[in-house]
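Notes follow once the structure below has been shown.
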Amino acid sequence: MKNSLKYTVLGSGHGGRAICGQIAAKDYPVVMYEPLEATADYLKIEVEKEMFLQGDITTGGKLSGATMDIGEAVADADIILIVVPSFAHKPIFEKLIPHLRDGLHVIIIPGNYGGLLLKKMMADSGVSKAITISETASLPYACRITSYNTVRIFKKKFSLKIASSPSRNNSEVIDIMNDLFKGYVDFISGENLLGIDLDNPNQTVHPLPVLLNYGDIEKNPETFRHYMDGITPLISEKMMQMDEERLAIGKAFSLELMSTMDQLKMYYGQNDAQNYYEYVNSPESPYTDVIGHNVRSRYITEDVPGLNVPALQLAKISGLETPIIELVVRLASELHGTDYLSEGTTLDKIGIVNKNMEEIVEFAS
């Protein structure tokens, strides 16, 4: 049965376009917001208003619109899905906040601490609209744009965690997302926004393989395969140790996080793999065709400041030593000549620096 909700997707990258096509396939009204520039691809989309998915999911349909005016994009929306890199959250939120209305659902895909940032920015702006802010732990699929109106889905996830603030509204959000992705992705409940942020697998699977293969990536940016070439048995071992540090942070905040290995198996298929090296080389892996990389990719520039930095600071609040997470932040900062520890998603920037552990969990719920 078709619902009467109207949707807006803020973002026009791989995930944003794919989710637009996913919603359009349901014949639901969906507007795509382009936050950057009127490229030739965008202008075609604006005229043709179509988006398609091919690969592990093959579907698509007509958009109700495409615009670069955020006020126009969200004017009639009931559901706003924000699908942009974490470094784009702040400028998107600045434009969105004046247009928020009571009753809106804002879903950030993936969360990357965006929910906490949005709550802080609303408070700083004196905006107290009764909205629901939700986050997913990851994108619903591994995907890449192949043409202006088509996204290749390497592999969809079977299940994906989502949490909301206020948490009492999470079942409603899960129903909305499971309607959109019925037959493809099953959305399940996370504990709260902080749990979703700490459960983002990118903080474990992305930075170390880049940092420990820096020279090879520099020499072979067009052919380097992050997962297949970058994850060796020893690097996999260090990634597993890094993940144990992440799990310890969650435990300190009384959160039941999932190991990244368990998440990969939940996402892409169960098998007997005991580590990342075994999993990425298994038939269930979605990563065999992911080729092309560089040393300043989002695997460092987004995931280190946006995920590893807040995790490191949360560890310090809880009195934990996390040497590998700290190494990742320091090494990335040195190699890029950027102080990611101060320029990243600090606890101050997301409004929890002066809160104790219990208050942080309450703020995220």
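Could you count how many residues in region 11-41 are of a type in the set (Ser, Thr, Tyr) and touching a residue at least 60 places away in the same chain (Cβ under 8 Å)?
1
Checking the condition among the small types (Gly, Ala, Ser), in contact (Cβ under 8 Å) with a residue 24 or more places away in the chain and part of a loop (DSSP other than H, G, I, E, B), which residue from SER134, SER138 passes?
Result of the check over SER134, SER138: SER138.
Suppose the filter is within 19 Å of the chain's Cα centre (by Cα) and either of a type in the set (Lys, Arg) or farther than 23 Å from TYR299 by Cα (or both); does GLN54 pass it?
Criteria not met by GLN54.
Within region 325-345, count every residue that is in contact (Cβ under 8 Å) with a residue 40 or more places away in the chain and surrounded by 20 or more Cβ atoms within 10 Å (Cβ to Cβ).
Of the residues in that region, 5 qualify.
For region 116-155, how many residues meet the condition of being surrounded by fewer than 23 Cβ atoms within 10 Å (Cβ to Cβ) and either of a type outside the set (Gly, Ala, Ser) or in contact with a helix residue (DSSP H, G or I) (Cβ under 6 Å, 6 or more places away or on another chain) (or both)?
Selection size over region 116-155: 21.
On the given criteria, is ALA311 crowded, with 22+ Cβ neighbours inside 10 Å and within 15 Å of HIS206 (Cβ to Cβ)?
Spelling it out, ALA311 is indeed crowded, with 22+ Cβ neighbours inside 10 Å and within 15 Å of HIS206 (Cβ to Cβ).
Out of region 85-110, which residues are more than 12 Å from the chain's Cα centre (by Cα) and of a type in the set (Phe, Trp, Tyr)?
PHE93
For the list (1) surrounded by 20 or more Cβ atoms within 10 Å (Cβ to Cβ); (2) closer than 20 Å to GLY13 by Cβ, I need the number of the one condition that HIS105 fails.
Single failed check for HIS105: (2).
Those residues that are touching a residue at least 24 places away in the same chain (Cβ under 8 Å) and either outside any helix (DSSP H, G or I) or among the hydrophobic types (A, V, I, L, M, F, W, C) (or both), I need them from region 42-57; list them, please.
Selection gives ILE45, GLU50, MET51, PHE52, LEU53, GLN54, GLY55, ASP56, ILE57.
Quick grid of which residues meet (1) on the phi < 0 side of the Ramachandran plot; (2) among the charged types (D, E, K, R); (3) more than 16 Å from the chain's Cα centre (by Cα); (4) in a loop (DSSP other than H, G, I, E, B):
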residue	(1), (2), (3), (4)
LEU117	yes, no, no, no
ARG144	yes, yes, no, no
LYS161	yes, yes, no, no
ASN169	yes, no, yes, no
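Please go through region 348-365 and pick out each residue that is surrounded by fewer than 20 Cβ atoms within 10 Å (Cβ to Cβ), in contact with a helix residue (DSSP H, G or I) (Cβ under 6 Å, 6 or more places away or on another chain) and within 18 Å of GLY306 (Cβ to Cβ).
GLY351
Spot the failing condition for GLY195; the list is (1) part of a helix (DSSP H, G or I); (2) surrounded by fewer than 21 Cβ atoms within 10 Å (Cβ to Cβ), and only one is missed.
Exception for GLY195: condition (2).
Among the listed residues GLY190, GLY183, which satisfies the condition of being within 18 Å of the chain's Cα centre (by Cα) and either touching a residue at least 40 places away in the same chain (Cβ under 8 Å) or within 30 Å of LEU81 (Cβ to Cβ) (or both)?
Every option except GLY190 fails the conditions.
Out of GLU237, GLU245, GLU302, GLU256, report the one residue that is surrounded by fewer than 16 Cβ atoms within 10 Å (Cβ to Cβ) and closer than 22 Å to TYR113 by Cβ.
Only one candidate passes the filter, namely GLU256.
Every number here is computed from the coordinates shown, using simple stated rules; none is lab data. Just so it is clear, the structure is predicted and the values come from calculations on it, not from any experiment. Virtual Cβ from ideal backbone geometry, glycine too; neighbours counted across all protein chains shown.
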